[in-house]
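Where a number appears in this text, it was derived from the coordinates with a stated rule and is not lab data. Predicted model, so just to flag it, every value in this text is computed and none were measured. Heads up, the Cβs are rebuilt from the backbone with ideal geometry, glycines too, and the neighbour counts pull from every protein chain shown.
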Amino acid sequence: MLGSEFKMDGTVIKAYNSIKNPKSNYNQVILDNGVKPVNEYLEGEVDVVIPDVATEVGEFAFAYHLVIKSVTFHDDFRKISNFAFESCLNLSKIDLGCGVEEIGYGAFSGCNITEFHVPKSVIKILGNPIDNCKNLEAISVEQGNTAYHSAANCLIETETRKLIAGCKNSVIPTDGSVEEVDGAFVYCEGLSKIVIPESVKKIKRASFLGCKNLTIYCEAEKPQEGWEKNWNVKGLIFKRRHKIVWGYKADKM
């Protein structure tokens, strides 16, 4: 049932308005693009079911709602915009249904999920939708998806061979299916080691930002031409770098 908790613009959910906690004074958060009003932090837990009339969730529509513990999308739903559920710190279960086609950058950034499953209907993912999910353990893609696939808990854009999302249990495939790493492990605090195969020709800037105790094992003897400057920075102060072992061979580990 569509209630007053959903602020709609046509078929797009623009904001989520649940019952406020009268004891809380927190009614704004500061974002990169200015001050965005959000609901006051709440008590209790909420299972969000996206209403049938909605086909899209707008940017930041559900962001920073601490009471949300699960969200379920219906099978005619199509688009989740950038940062739609960012920092829903207690959101632990996501059911994307079987109709969603597009997932925006940081759509579920900072959530409490342990697994992320991409249905075969998805044809467009804008960057890493699940960065900073500290408890994430498993990533999978439904068989039959023509744009993306998963391997060893890596979310890979098939045509471009780009690794766009990983977790603490990820292993980069050595079969050549990954040639680029683009922000896949941002704030993946549980990742302690990762092997970068020689087949990886490009690594974007700060792809391992926020990994606390990471050692990077590179099969190459030195950075490749397509590895951007600051690809291995540890924190926002770019002088801090992860430990790197060059010329790694599998039998040495």
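If I stretch the segment between Thr11 and Ser192 completely, what's the gain in nm (0.36 nm per residue apart, minus their alpha carbon distance), one decimal? Present the calculation step by step, with values, prior to reporting the outcome.
Working: separation 181, 0.36 × 181 = 65.16 nm, distance 4.28 nm.
Here the segment from Thr11 to Ser192 would lengthen by 60.9 nm.
Starting from the Cα gyration tensor of the chain, multiply each eigenvalue by 5, take the square root, and state the resulting semi-axes largest first in whole Å. Intermediate values should be presented prior to the final figure.
Details: eigenvalues 240, 85, 41 Å².
Square roots of five times the eigenvalues give 35, 21, 14 Å.
Out of Cys188, Val141, Ile125, whose Cα points farthest toward the positive end of the dipole of the range 123-253 (charges: +1 Lys, Arg; -1 Asp, Glu; placed on Cβ)?
The Cα lying farthest towards the positive end belongs to Cys188.
Based on the mean of other Cβ atoms within 10 Å per residue, sort peptides 90-98, 60-68 so the most packed one is first.
Details: 90-98: 16.9, 60-68: 22.6.
Highest to lowest by the protection proxy: 60-68, 90-98.
Quick one: dipole size for the range 99-161, taken about the Cα centre, charges +1 on Lys/Arg Cβ and -1 on Asp/Glu Cβ, in debye to the nearest 20. Provide the component values of the computation, followed by the final result.
Working: 4 positive and 8 negative charges, 11 e Å.
Taking the Cα centre of the range 99-161 as origin, the dipole is about 60 debye.
In the structure shown, do any of Lys193/Lys249; Lys79/Lys168; Lys93/Lys168; Lys222/Lys249; Lys124/Lys243 have a Cα-Cα gap over 24 Å, and if so which? Walk me through the numbers on the way to the answer.
Working: Lys193/Lys249 14 Å; Lys79/Lys168 27 Å; Lys93/Lys168 18 Å; Lys222/Lys249 14 Å; Lys124/Lys243 34 Å.
As for pairs spanning more than 24 Å Cα to Cα, those are Lys79/Lys168; Lys124/Lys243.
Let me spell out the model: positive unit charges on the Cβ of Lys and Arg, negative unit charges on the Cβ of Asp and Glu, origin at the Cα centre of the chain. What dipole size does that give, in debye rounded to 20?
Working: 30 positive and 33 negative charges, 259 e Å.
Magnitude of the dipole: close to 1240 debye.
What nm distance separates the two modelled labels at Glu225 and Ser199, each placed 7 Å from Cα along Cα→Cβ?
According to this spin-label approximation, the distance is 2.1 nm.
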